[in-house]
1. For a protection proxy built on the mean count of beta-carbon atoms within 10 angstrom, sort 135-144, 168-177, 220-229 highest first, please.
2. If I model a spin label at residue 480 and residue 679 as a point 7 Å from the Cα along the Cα→Cβ vector, what separation in nanometres do I get?
3. Using the Cα centre of segment 602-692 as the reference point, and only Cβ charges (+1 on K/R, -1 on D/E), how large is the resulting charge dipole? Debye, rounded to the nearest 20.
4. As a test question: what accessible area, to the nearest 10 Å², does residue 685 have when a 1.4 Å probe is rolled over all protein chains in place?
5. Place the peptides 231-241, 208-218 in order of packing, highest mean first, counting for every residue the other Cβ atoms within 10 Å and averaging per peptide.
6. Rounded to the nearest 20 Debye, what is the dipole magnitude of segment 286-416 about its Cα centre when Lys and Arg each give +1 and Asp and Glu each give -1 at the C-beta?
7. Whole angstrom only: what separates the Cα centroid of segment 248-287 from the Cα centroid of segment 562-578?
8. Determine, from the Cβ-Cβ distance of residue 61 and residue 689 and an R0 of 30 Å, the FRET efficiency 1/(1 + (r/R0)^6), rounded to the nearest 0.05.
Amino acid sequence: MKVENRKSRFLMHASLVVGAAAFFTPCEAYAAKVRAQANSGDEASSDGVSTVSGAEFGEIVVTAQKRAENLQNVPIAISVLQGKQLDKSTVGVNEQLSRVPGVSINQTGSNGATISVRGVGPATALFAGGSPIAFYLDAVPFGFVKQGAVPDTGAYDLDRVEVLRGPQGTLYGASASGGVVRILTRDPDLDEFGLNWRAAVLGTRRGKESYRFDSALNIPVVEDKFAARAVLSYQKNGGWIDRPNRENANDGELITARLKLAFQPSDQLLIMPSVWVSRSDYYALPWSPDGRTAPSTAEEYVKEDYNVFGLKITYDFPGFTLSSSTGYIDYDNDSFNDAVTRGDPATAINRLYARTFSEEVNLVSTGVGPWRWTTGAIYRNSEDGSFQKISTSPAPFILDYTAKSYAVFGEVTRLFLDDQLEISAGLRYFHERITAEESSDPLGRLPVLGVYSDDTFTATTPRFVVSWHPSKQATLYASYTEGFRSGVPQSSFVQRSGGFPAGDPDKLKSYEVGVKGNLFDGVVNYEAAAYYMDWAGVQQQVVLLPPVVPIAIFALVNGPSASGPGVDLALNFQPARSLKFGVNGSWNDLTMDSQIFSAGALVFDKGDRLNNSPKYTVGAFVDYEFELGDGFTALASGSVNHTAGQEVHSLGVDTKTDPQTQARASLSVSAPEHWTATLFVENLTNENDILNGAINSNRNLDIRPRPRTFGAQLQYRF
C-alpha cells in the first residue's frame, strides 16, 4: 500500500475520533468533585496505571510540559504510574511499564531492558545507537551514544512515573522520537517526619526463594527550611535456571540507595541536590532453551553499577520561574558471556562505560493571562566507551566516544474563547559533535592504533498543537510533532571493510488527534488517540558477513522510511467506590516502506516490521475493596497484559519473539492505621514464552520469564 493511501486512511479514521468527541461532554457537577478530591491519592488500579484523571480516580498532576498541569488538560497521550500504588506493587518499574498501553519491554539478559513505545524502539540493546525513547531519572537524561538499554530502577518511594507516547523532540530533544519515560522521585517533606518500609518473601516454581526490603526516611531538619529524604532498597533475586554444575544458577543481588535534600531559604528559592546509587550483580545470564536448564558450566556474570548526581534549583520571579537542572551519570556494565557450550564459536568479555554531564536551564511563565510560554537550553558532554574481547579474535575491540551537544528550544501557547481553545507552537534546534577513537582492532590485521573520527549532527524539530476544552471534563486535541535521534560514527574497520559512512540522525513525524476526559460524574474515564507516524532514515543494525571479515561485525545504517497508522484506547470504570475495572489497548502498523540489504542479503523486506516492534498491546484490570470489620479492609486485585510477538532481522535470519501474556493477582488486608499485608502471585498461568529470541534462532540463548511466583509482603507507613 502506498504511503499516501495510508495517510488518507489515517485521516479518515482520525476524523471519526474527533467527530465522536461531541459525545464526551459530561455534566458540570464533576468539576466541583475533582477540586474537592485534588491530590486525594486515589489511583486507577492496584497496578498503578492511570491514563486519565477522574473524580473517583483522583486528580493527577503532571509536569510533562515543564509546568504543573492536570493530566486531563495536557494535549499529549500520557499514562501515569502513581507513587502510592508503586509502593504497594510487587515488581520493578520495567514490569510496571509493560502494563502501559503501547509500551513493550524487552529484557536484555540482566537488570536492563530496552523500551519501545507505539512500536518505536532501539534496533538492539548494544552497539546500535541510542534509544529513540528518552529516559529520565528526575531531571537527568539517562542515555548513551551506542547503547539503547535502560536499568530497572526499582519502584519504591517514587512520586510517579510519566510515560509520554509519541514524538517529544521539541521539549525533550534527542532520543525522544517515540516517547519519553520520566522516573520522578519523591521530594523531601519540609514539615513532617516520615518512616515507611516494606518487606517481601517470594517463592518461584522449581526455583530459589527471593527476598526484598525497601525503606524510606524523611527528616525535616529545620522546619519549613531544610529536609532530607533517604531511600534504601535490597533485593535478593533467586534463580530458576539449572546448569550441569549448579542449580538455580541465574540468581542475583540488587542494592539501591537514594538521598535527596531540600533547602528553601525563602519562599521563592528551592535548592534540591540528590544522589542515586545502584549496584547489581547477576551470577549467570537467564538464557536457556526451555526456560529451565542451560548447558553452560562457565562462571558467567553481569555487573551493572551507576551513580546519578543531580542538582535542581528553582526561583520564582514575578510572572515566570527560572530552573536549573544539573546532572552527572557514572555508569559501568561488565559481563562475561560463554556461548561455546551453547553452540556458538566464541566467548566474549564486554565492558561498557559512560560518564555524562548535563545542564539544562528553563524559563516557564506563571502569570495569569491568555499567553503561556516556555523556553530553555541544554548542554551535554558524554564520554561513552566499550571494550570487547571475543575468544575467536586475536585482539580486543576498544572504542571511545566523546559527544558534546547543545540545544535551544521554546514553545508558546495562546488561549482563546474563555480558555476553551489553546493553540501551541514550539521549535528546537540541536547540534552535536561526536568524536571516536579506536585503540585496537578485533580483526588483528589492521594497524588502527589511535584511529580517530569526527562527525557533526544537527536537527530542527517543530511542534504544533490545537486543543479544545468543551467542558472541564473533556479535552480534544490535534497535533503535529517531530522527534529525532542523533547520528553515530562508524568504527574505522567497518568503514573500510564495508564502506559504511557514519549513521545520520533519523527523524520521526507524527500526526495525531486525541480525546480524553470523564463521563457520568467521573464513573467512566476515557482516553483515545489516532495517529500516523512517518519515520525517515530509520537507524537499523546490519551485519557484515564473511568473506568481508572473518567474524560477524555489526554496522549501523540508515534505512528507508518506515510509516504507518496507529490507535491507543483506555477505558476505566468505577460504578461503585469499592469496584474499579478497566481495559486498554494499542495498535500500530509501523512497517518498512522499502527493502534493506546487508552484504547482498535481504534483511528487511518492504512491509516488514522493525526490530523489537510489537504490533499491538492489550490489558485489563479489576480491583474490588470490601470491609472486614473493626476498621480492617481488604482489596482483591487482578490484571492481565498481552503483547504481540516481535522479530529481530539479522544475519539473514528472522528471529521471532513469542507473544507475551502475563497475569497476576493479589489480596491485601489493611489495618485501620499503618499496616498492610499482601499475598500475591506473578505469572499466574506460568507462561514460558520467549521474551527475547537469540540471533540465528539459537534456542540456547533465549530469554524467558520467571516462572509462576508466589509472595507475601508486609508494608508499614508512618
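The values are calculated or read from the model by the stated rules, or taken from the named source; none is laboratory data. None of these values were measured; they are calculated from a predicted model. Backbone-built Cβ (ideal geometry, glycine too); neighbour counts: all protein chains shown. Quick note on the areas: whole protein, heavy atoms, side chains included, nothing else; ligands and nucleic acids left out. Shrake-Rupley method; radii C 1.70, N 1.55, O 1.52, S 1.80 Å.
1. Working: 135-144: 23.2, 168-177: 27.7, 220-229: 15.4.
In descending order of packing, they fall as 168-177, 135-144, 220-229.
2. According to this spin-label approximation, the distance is 5.8 nm.
3. Working: 5 positive and 13 negative charges, 86 e Å.
Magnitude of the dipole: close to 420 debye.
4. Ignoring ligands and nucleic acids, residue 685 comes out at about 80 Å².
5. Numbers: 231-241: 20.7, 208-218: 18.7.
Result, highest mean Cβ count within 10 Å first: 231-241, 208-218.
6. 500 debye
7. That distance is 32 Å.
8. Details: r = 37 Å, r/R0 = 1.25.
Using R0 = 30 Å, I get an efficiency of 0.20.
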